[in-house]
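Let me begin by presenting the structure, written as C-alpha cells, before commenting on it.
Taken together, the values in this text are just the output of simple stated rules run on the coordinates, not laboratory data. What you see is a predicted model; the values in this text were computed from it and never measured. Using ideal geometry, Cβ is built from the backbone for each residue, glycine included, and neighbour counts are taken over all protein chains shown.
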Amino acid sequence: MLLVIYMAKIKVRLYGLIPAKFVVKDIDIYKPFNLKKLEKEIISKYGDVIHKDYISDRGLLNHQLVRIGDSSGRRLDYEDDISGIEEIWFIVSISGG
Amino acid sequence: MKGCTGRLLRVNLSSGAITKEKIPDEYLREYLGGTGLAARYLYDEIPVNGDVFDENNKLFFSVGPLNGKQFPTSGRCNLSCRSPLTGIWLDSSWSGKFGYNLKRAGYDAIIIEGKSPKPVYLYINDEQVELRDASFIWGKMVSESVRDLYEQCGDKKASCCTIGPAGEKMVKTGCIIGDTTKAAGRGGSGALMGSKKLKAIYVYGSQSVDVPDEGVWKKTVKEITAKINENQTSQALKAYGTGVAMATAPQTGDAPIKNWTLGKWDGFEKVNGIAMAKTILKKHSPQCHACPIHCARYVEIDEGDYQMKGEGPEYEAMGVFGSMCLNDNLESIAYANFLCNEYGMDVISTGSSISFAMEAFEKGILTLQDTDGIELAWGNVEAILAMIRKIGDRVGIGELLGQGVRKAADVLGKGSEEFAMHVKGLEIPMHDPRAFFGFGPTYATSPRGACHLHGYIGGFDGAGVMPEAGLNEPQEPHALKGKGFLAKIVQDYCSVMQSSIICFFTLYSVTPTDLAKALTAATGVSYDAQEIFKIGERVFNLQRAFNNRFGLTSADDVLPGRILTSTIGGPNEGIVPNFEEQMKEYYELRKWEDNGNPSKEKLHELGLDFVISDLYG
Ligand code: SF4
C-alpha cells in the first residue's frame, strides 16, 4: 500500500508577536489544514517566545490583539478557507509616529 | 508647587525688555504646564482680532512638572501660539533635551511677544538672559546655524531651537527645530518666529529641580522606566523606529497611498523601518534626554545622489514622501526628510502638499508652466526634492504650496478642493480613519486641526485598554460604536501627557494611574487618575474655547469627503467610518452644544467660568 502524505509550505509573517521581532518563516504543515491548525503549529514552534498577551486561553492566537490577513490584506478568521493561501500575516497593531 | 519653578520669562522683542514673573500656583495645579499652561496664558493674551503675523501673536514655550530630572522621555518642550497656517490654536512639542535645560535654567515657560527690528537670538544661561545679534546665522540652514550658535555660545550640554530659511521667509509650513533634527513640526510656528526675527533660543540650565521626597521620586521613576522597557511596543520602536508601522501597513491600511486614494502599494516592502535597519541605518539617534525607548534613528548615505548623515525618516516621512507620492526609494525619502529639517519645514504638510500637487498635475490643473518645467509625476523623486526646495525658498509654485493645501486649493480651484486633504487647514497625518475608525472624530475635533497626537488613537484602536477611563476591552478598529468615546478619553489623556510633559510613545506603557503617581511624586499634590483626566478635559476645552472665539463652529468639525469613501483595493476596501454617528456620540460625551461651543455646564464643571461670558455674552 502506498501512503501519500501531503505537505504544504506556507510563508508566515509574524510581525511584532515576538517582542521586537519581525520574522518571516516558511512553515511546513500537513494538509488539510485550517487556521486553527496553523496557529497551533506556530505556537508549538514559537510559543515560548511569543508574548503571552498574544496567546489566548485556548492555546491559540488572541484575535482581539492579533490581526491576520493574506498577502492582499484581506482579513482572515477561523471560518475562512485558507487551504489555497501561500502567505499569511500575523501582526499586532503598532502605530507609527 | 514643587516640581515646578513657578517662574515665567517674558521677552518683548519690540522693546527688548526681559522680565521674570511668578506663575500663579493655581495655574500650575490646574493646568500643570506644557500645553495646559500655554492655553491658560494665551487664552488671555492673544487678542481675537488681527492677523496671525501681527506683533500681538505670541510664542509660548513651556515645560511641566515631570521635566528637568530623569523621568523617562522628559526632554520635551511644548510650543504654542496662534497658528500661521490655520489661524487657530497651535501646540507642537519636540523631544531632545531643550525641555530639560529650560527647566533647569529655572523657568517653566518663556513667552515671546512683539517683533524685533533685526535678527536676534535669545540666550539663556540660568539667570543670565539676553537678546543677542543673530545676523551671523540668519539665512543659514538649520545644521549650520546650530553649529555656529554652539561655537559662539560654547556649552555642549546646552540645547537650542532654531528656524531655518523657511521660517525666516515666513513659509506657513515652516517649523521650529530642536537642535538639528527634532521638529516642533506642525502649524507653522517657524513662520511666526521668523516674522518676529527671532532666529533661535539657546538654553543651558544647571539648577536642580525640587521634588517633595527624592527617594519616592527616584523609586517612581525606576518603576515607570521598567514598565516602559518591558512593553513590547517600546521594544519594537527601539528595534526599528516608528517606521516599523510601515511594515504592517499592507495589513492595517493605516498609511495613505497616492493622496488617500489607493489601498494597496507594493512599495511598503522597501519603505519601512525593518528595511531601513538592513540598509542605511547606522545606530539609534541618542538625542532624547532620559529616553529608554530610543525610537529615533541615525542614518548615513555615503554614495549616490542622496548623500546625507543624520536623523533618519520616521513613519510620517515614509508616508508623505513614500506611499503618498508613490516613491519607493528609501534613500530619497531619507534625503527629503533631511532637506525638510535643514529648511525647517513640517514634513507632514510639505509632503502632503507635494502629493496634492502631483494629483493636480495629473489632472491638468497644474501644468509644466506652473512647475517651471518639472514633470510632477507620481513617483518622480527629483520632482519631490525640487518641490521641497521651492517651498523652502518660497519660489515658483513653492510659494503657493508652502501655504498648505487648503490655500493652494482655494487659489487653483477647478475641483482641487476635492483632493486637498486637511482638517481646519492642517494637512492630515499618515493614519487612515478607514483603517482605525477612532481617527475620524479625533482628527475632526483636535484643537490644532488634523492631528494624531492630541488623541494618539493608534495606541488604543484595536490594541489597548484604559480601565481608568472605562475602556476595559480593546476596541475592534472598525467598530460602529464607541469611537466618539475612544477619541474623547484618549484626547483628554494626551492633553495631560502634553502638559506634564512626556513623549506620546510612553502611551503604550504608562497608564493614567502611573502618570498620576508620577505627578504626585513630582509635585506633592495628590493626583489620582480621575483628577488628571479632569485636567486633560479642562485643557482640551479651553483650547476649544480659544478656537470658538476665532469663529470655529461645529461646521468645521468635518473630514474631507475622500476619507469617507472607500480606498481602491487594500484591506479596507468598501469600509468607511460612520462619521456622523461617531460625532454625535462624541458631542454628547463632550457636552458640547450643536454650534460647537462647550456647554456652560461643562465649562463651569471644569472651572472655566471665565470663558462663559466670552462664548455666551
Ligand atoms: S520615544 Fe523617541 S521621540 Fe520619544 S523621547 Fe524617546 S527617542 Fe525621543
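Observations, loosely collected:
- Among B:544-553, B:99-108, sorting by the average number of other beta carbon atoms lying within 10 angstrom of each residue, highest first, gives B:99-108, B:544-553.
- Amide H contacts under 5 Å for A:Ile82, placed H, 5+ residues apart: A:Leu35
- Peptides B:256-266, B:574-584 ranked from most to least packed by the mean count of surrounding Cβ atoms within 10 Å: B:256-266, B:574-584.
- Calculated log₁₀ intensity ratio I(q)/I(0) where the Debye formula runs over C-alpha points of the protein assembly as shown, q = 0.07, 0.11 Å⁻¹: -0.44, -1.14
- Residues in segment B:60-73 carry Karplus couplings, in order, of 10, 9, 8, 10, x, x, 8, 8, x, 10, 10, 5, x, 6 Hz; the curve used is 6.51 cos²θ - 1.76 cosθ + 1.60 with θ = phi - 60°, and Gly or Pro positions show x.
- Relative contact order of chain A, taken over Cα pairs closer than 8 Å and 6 or more residues apart, is 33 percent.
- Mean separation of Cα contacts under 8 Å (6+ apart) over length of chain B, as relative contact order %: 16
- FRET efficiency estimate (nearest 0.05) - Cβ-Cβ, B:Lys278 to B:Asn595, R0 41 angstrom: 0.15
- Between segment B:552-601 and segment B:341-368, the Cα center-to-center distance that results, in Å: 26
- Values of log10 I(q)/I(0) for segment B:331-377 across q = 0.16 Å⁻¹ run -0.51, by the Debye formula with one identical scatterer at each alpha carbon and no solvent.
- Rounded, prolate or oblate (a/c below 1.5 giving rounded, otherwise prolate when a/b exceeds b/c) for segment B:61-126 by Cα gyration tensor: oblate
- Here the Karplus relation 6.51 cos²θ - 1.76 cosθ + 1.60, evaluated at θ = phi - 60°, turns the backbone of segment B:12-21 into coupling constants of 9, 6, 5, 9, x, 6, 10, 10, 10, 10 Hz, with x for every Gly and Pro.
- Along each principal axis, taking the top coordinate minus the bottom one, the Cα set of segment B:241-427 gives 48, 35, 31 Å in descending order.
- Residue-span extension gain [B:Glu214 to B:His604] - 0.36 nm each, minus C-alpha spacing: 136.7 nm
- From the Kirkwood radius over Cα pairs of segment B:7-204, Stokes-Einstein at 20 °C and 1.002 mPa s returns a whole-number translational diffusion coefficient of 132 µm²/s.
- Taking label positions 7 Å along the Cα-Cβ direction at both A:Ala8 and B:Lys414, the computed distance is 5.1 nm, reported to one decimal.
- In terms of its C-alpha gyration tensor, segment B:485-557 comes out prolate, because a/c is 1.5 or above and the ratio a/b outweighs b/c.
- The length gained on full extension between A:Val23 and A:Glu79, counted as 0.36 nm times the residue separation minus their Cα-Cα distance, comes to 17.6 nm.
- Once the Cα atoms are used to define both axes, helix A:35-46 deviates from the longest principal axis of chain A by about 70 degrees.
- A crude spin-label estimate for the pair B:Asp51 and B:Gln307, with each label 7 Å from Cα along the Cβ direction, gives 4.3 nm.
- Put the Cα centre of segment B:390-442 next to the Cα centre of segment B:257-289 and the gap is 22 Å.
- Relative contact order [Cα under 8 Å, 6+ residues apart], segment B:546-617, whole percent: 31
- Rounded to whole Hz, the Karplus (6.51, -1.76, 1.60) HN-Hα couplings of segment A:58-74, x for glycine and proline: 7, x, 10, 7, 7, 6, 5, 10, 9, 9, 10, x, 8, 5, 8, x, 5
- Counts of other chain beta carbons within 10 angstrom of each beta carbon in peptide A:15-25 average 5.
- Unit Cα scatterers, Debye sum, chain B: log10 I(q)/I(0) for q = 0.06, 0.07, 0.09, 0.11 Å⁻¹: -0.27, -0.37, -0.64, -1.01
- Whether segment B:1-116 is rounded, prolate or oblate, judged on the alpha carbon gyration tensor where a/c under 1.5 counts as rounded: prolate
- Per residue of peptide B:240-246, the mean number of Cβ atoms on other chains within 10 Å of the residue Cβ is 4.
- 222 nm mean residue ellipticity, helices alone, for the protein assembly as shown (DSSP H n ≥ 4; -39,500 (n - 2.57); rounded to 500): -10500 deg cm²/dmol
- Neighbourhood net charge (14 Å Cβ-Cβ; Lys/Arg +1, Asp/Glu -1) for B:Glu585: +2
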